[in-house]
Each structure stands twice: as C-alpha cells, then as structure tokens.
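One structure below.
The values are calculated or read from the model by the stated rules, or taken from the named source; none is laboratory data. Everything numeric in this text was worked out from a predicted model, so none of it was measured. Using ideal geometry, Cβ is built from the backbone for each residue, glycine included, and neighbour counts are taken over all protein chains shown. The accessibility values were calculated without ligands, DNA or RNA, using every heavy atom of the protein model including side chains. Shrake-Rupley method; radii C 1.70, N 1.55, O 1.52, S 1.80 Å.
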Amino acid sequence: MDKIIKAVLFGGKARVALMETTETVNKAIKTHDLTPLAAAALGRSLTIGAYIESNLKSETHKFNLIINGGGPIGKIYVTSDRVGTVKGLVENPQVDLPLRKDGKLDVGGAVGTNGDIVVIKDLGLKEPYIGRSQLVSGEIAEDYNNYLFKSEGILNAVALGVLNDKDGCKAAGGIIIEAMPDADDNMVCILEDIMSNFTNISALIAEKGIEEIGNYYFGHLDAEFFPAQTVRFKCDCWHKIRKIVRGLGRAEIEDIMKEQGMLEIKCDYCRKNYVYTEKDLDFLFEEE
Ligand SMILES: [Zn+2]
C-alpha cells in the first residue's frame, strides 16, 4: 500500500514528508499505457499531487496540479476526488525520447520549460487559490521546489523519482522538506546536507522503504513522526457522471441519442467508458 509519512523536525521548525507511490504509478501505467518516460513524468507529478492532497485540511477541499511546459508529453494533469486518492493523466502517454547522456530518462526534454506549473486549490473560499511559477528544468522536482519558494514563499527541498523495470514501476516516491520561517541557518544547512543523499531517491525507496529512510536520515533531528497516510490511484467519475450529463440538458441528450443511438462519455482519468441509451434517460434525469 502506498503511503505518506510526515514528521516535524527541530521541534517544529521544519517538516518532512516521505512519499511512496509505487502502486499508484503502476496503476497509472496500466490505465494510460504509459511509456517509461511518460511514467516517470506522470509518476513524479502524482507524487506531488499526493503530497498536496495530504495537506488539505478538509475532505471538501480540492486541488488541481497542471504542468504545461510545451514539450512532446503535452500537459500533465493531477487531481483528487477524495481523501487518500490521487489521479492524473498526460496528453501524450506514448511520448518517447532517447536517454540522456547520463543514461537517465529525459523527463525535462519530454515536459519542456516553455510554460509553467500551476496549483489550484479550492479551499471552500469564495475564490480558489491559484499559484503559478515558470518551469525551471521540466524535471518536475526542481520545478515544484521553485514553485513552493516563488509562489508560496516556502524554503524547501524536493526529491522525486520513478524507477522503472521491465514489469513497470519498481519504486516511486519522493521527499519534500519545508523549513519554517523561524528555522535557523544551521538547521537549513543540516537539511541541505541530508537532501544530498537523495539524488536517486527511487532506488533508495526500493532498497529501504520510506520508514527506514525517515528514521535513518531524520530520526536524530528532534523528529516527531505522525501515523502514515495511505494513498492510491483512484477515479470517482461514476459519482459525477449524471451531473455532467445533466449539465448538457435533457433536450441536447435526446438529440444525441436520436442521431447516434446512444450517448458515450469517456473519462480521461481512468479511461472508463459510459454508454447510455434512451432507456436510461429517466434514470439520468430523475430527481435525486
Ligand atoms: Zn474516471
């Protein structure tokens, strides 16, 4: 089961989140038939999404993460329907590029840097919160790091990774550290030093798991760990499908059914296909 483990460090002057998202990424690979490159890009984005979701304070709060760098993968979308779940898609799941010179997948080349990373949070207020920053490298960890600093004013460090093997994703996840404004230079220095161990975070997760990583690297920093939160790839579109159909209006739906014999709606997030015929009309439009 995928999970997120959080801790406060230095008596609350910093906090760390350790994410393990291997199953989530494997579900995304199966759902969208992702190439290893697309899996790396979407997997890193889903890990950020899981983190944002885990920080929402109410189950009615929602978020959308959109990464649009103008590269061959197209736009990346991540969102969540309910607590403990995340879902996402990329416009071009078949994207493929030659490996970089260091042998790694060229996520930055697939995503591009000609655009921005946008986080929209609906916190039940009149207006949603919208944060945005220019993409730095398209590698996603660096971009989210820059986003948190520029848009939300948080001193932070981000490591993300997806390790693929022939069967799919072997390990995926990440670590995000945030320093509070009252953290001193010494603490920031210690945290920077620790982060330098996470240049290949997915391999480390495959080897040790996030509990051990948390204890080993952060346990001595006056750390207080919280119970793990679970996360999984899930789409709740069937909950909303009638609402979407109703939004089109009964007359419009009847016209479509007359012309095509049925109404077909595909969910981009989970690829589920909904097919309705005239006999479903009363069900679709009945009072709830
Ligand atoms: Zn769906």
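Some observations on this one:
- Among the residues of the stretch 269-288, the ones that are within 13 Å of the ligand (Cβ to nearest atom) and basic (Lys, Arg) come to 2 in all.
- Selected residue (criterion: nearest to the ligand (Cβ to nearest atom)) from residues of the stretch 217-242 that are more than 25 Å from the chain's Cα centre (by Cα) and open to solvent by 60 Å² or more (accessible area, probe 1.4 Å): Glu224
- Sole exception among (1) surrounded by fewer than 15 Cβ atoms within 10 Å (Cβ to Cβ); (2) away from the ligand (no atom under 16 Å from the Cβ) for Ile176, by number: (1)
- When Gly209, Gly214 are screened for being more than 16 Å from the ligand (Cβ to nearest atom) and either under 26 Å from Lys57 (Cβ atoms) or outside any helix (DSSP H, G or I) (or both), only Gly214 passes.
- Taking (1) aliphatic (A, V, I, L, M); (2) open to solvent by less than 70 Å² (accessible area, probe 1.4 Å); (3) more than 16 Å from the ligand (Cβ to nearest atom) in turn, Leu248 satisfies each apart from (2).
- Looking across the stretch 251-268 at every residue that is within 16 Å of the ligand (Cβ to nearest atom) and open to solvent by 40 Å² or more (accessible area, probe 1.4 Å), the one that is nearest to the chain's Cα centre (by Cα) is identified as Asp268.
- Among the residues of the stretch 74-121, those that are under 16 Å from the mean Cα position of the chain (by Cα), at negative phi and more than 16 Å from the ligand (Cβ to nearest atom) comprise Lys75, Ile76, Val83, Glu91, Val107, Val111, Asp116, Ile117, Val118, Val119, Ile120, Lys121.
- Selection status of Cys189, within 16 Å of the ligand (Cβ to nearest atom), modelled with pLDDT of 95 or more and either open to solvent by less than 90 Å² (accessible area, probe 1.4 Å) or assigned by TED's automatic domain parsing to the domain that holds Ile52 (or both): no
- Count of the stretch 18-51 residues, restricted to those that are assigned to a loop (DSSP other than H, G, I, E, B), open to solvent by 10 Å² or more (accessible area, probe 1.4 Å) and at negative phi, is 2.
- Residues in the stretch 52-72 that are aliphatic (A, V, I, L, M) and surrounded by 18 or more Cβ atoms within 10 Å (Cβ to Cβ): Ile52, Leu65, Ile67.
- Test: residue in the stretch 192-203 that is in the same structural domain as Val86 (by TED's automatic domain parsing), away from the ligand (no atom under 16 Å from the Cβ) and over 14 Å from Ile175 (Cβ atoms): no
- Answer from Leu148, Leu163 - the residue that is in contact with a Ser or Thr (Cβ under 9 Å, 6 or more places away or on another chain) and open to solvent by less than 20 Å² (accessible area, probe 1.4 Å): Leu148
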